[in-house]
Amino acid sequence: MLRQSLAIAWLLLVPLAALGSAVRFYSEADMSRAAAVIARGQVAQVQVRRHPSGMIVTDVTVAIARGLKGLKTGETLTFTLLGGTLNGATVHVAGTSRYQVGEEVLVFLEQGGDGLVEMGIGAGKYQVVRKGRGARVTRVWGGAQAMQADVNGVAQPILPPASIDEPLDDFEMRILAQVQE
C-alpha cells in the first residue's frame, strides 16, 4: 500500500515539477500598495526547518536598516519561503529567491499562511549592491512563470521585466510615493 501511494505521488509530482512555478504578476506599483511590509536590511539568519504540515521551509531573518512600509528602522523581521535542504532532503520551488547571511536586501512581503512571505515567488526580493559611495538596487527575475488576468479574468502568461538596476535612493523614493497612492 505504501509503495502504491509513493508511486502515485511520484506520478503526480514529476509533471508539476517540470512545469515550474506560476505566480500572479505584480507590477511594482501593485506590490507597493499590496505589501504588508516593505523593508531594506541585512540578512541576519537563514534557517531551514520542517513546518508542522511536514513541508520543508526556510525562515529568513532581516535586521531592518530602513522600513518603508509596515515596520520601523531598527526592528527585525522573519519571513518564510517554501523549500530548502534539511537532513539531506531538498525541496526546490522554481523561481524561489535564495538568501545569504550578510547580504543586503530590499523585500516586499505579504501575509500568507502562518506569517510573512515574499510576494510572488521570487518577485519580492531586490538586492542592494554598494560600490564606492553609490548604492544600487537590482533584481533578476527568477524561474517562475508570471501570470496576469486579461479583461475577461482569464490568466495569461506575461513576460515581466528581465532585470532592474538603478540607484537605491531613486528606487526607495518611487516606492514610498507608490505606497502613498
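The values are calculated or read from the model by the stated rules, or taken from the named source; none is laboratory data. For clarity, every value in this text was computed on a predicted model and none was experimentally measured. Glycine also receives a Cβ, built like all others from the backbone with ideal geometry; neighbour counts cover every protein chain displayed.
Here are the numbers for this structure:
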item	result
Among (1) surrounded by 13 or more Cβ atoms within 10 Å (Cβ to Cβ); (2) at pLDDT below 90; (3) outside any loop (DSSP other than H, G, I, E, B) - the single one Arg66 does not satisfy	(2)
Qualifying residue in the stretch 30-48 (condition: more than 28 Å from Arg174 (Cβ to Cβ) and loosely packed, with under 15 Cβ neighbours inside 10 Å)	yes
Test: residue in the stretch 71-94 that is in contact (Cβ under 8 Å) with a residue 12 or more places away in the chain, among the aromatic types (Phe, Trp, Tyr) and either in contact with a Gly (Cβ under 8 Å, 6 or more places away or on another chain) or in a loop (DSSP other than H, G, I, E, B) (or both)	yes
All positions within the stretch 105-127 that are surrounded by fewer than 19 Cβ atoms within 10 Å (Cβ to Cβ) and outside any loop (DSSP other than H, G, I, E, B)	Glu110, Gln111, Gly112, Gly115, Gln127
Top-ranked residue in the stretch 104-138 [being basic (Lys, Arg) and at pLDDT 80 or above; ranked as farthest from Asp59 (Cα to Cα)]	Lys131
Checking Asp59 against (1) surrounded by 15 or more Cβ atoms within 10 Å (Cβ to Cβ); (2) closer than 30 Å to Glu172 by Cβ; (3) touching a residue at least 24 places away in the same chain (Cβ under 8 Å), the condition it does not meet	(3)
Given (1) over 19 Å from Asp165 (Cβ atoms); (2) surrounded by fewer than 18 Cβ atoms within 10 Å (Cβ to Cβ), number of the condition Lys131 does not satisfy	(1)
From the options Gly132, Gly122, residue that is in contact with a Gly (Cβ under 6 Å, 6 or more places away or on another chain) and closer than 25 Å to Leu176 by Cβ	Gly122
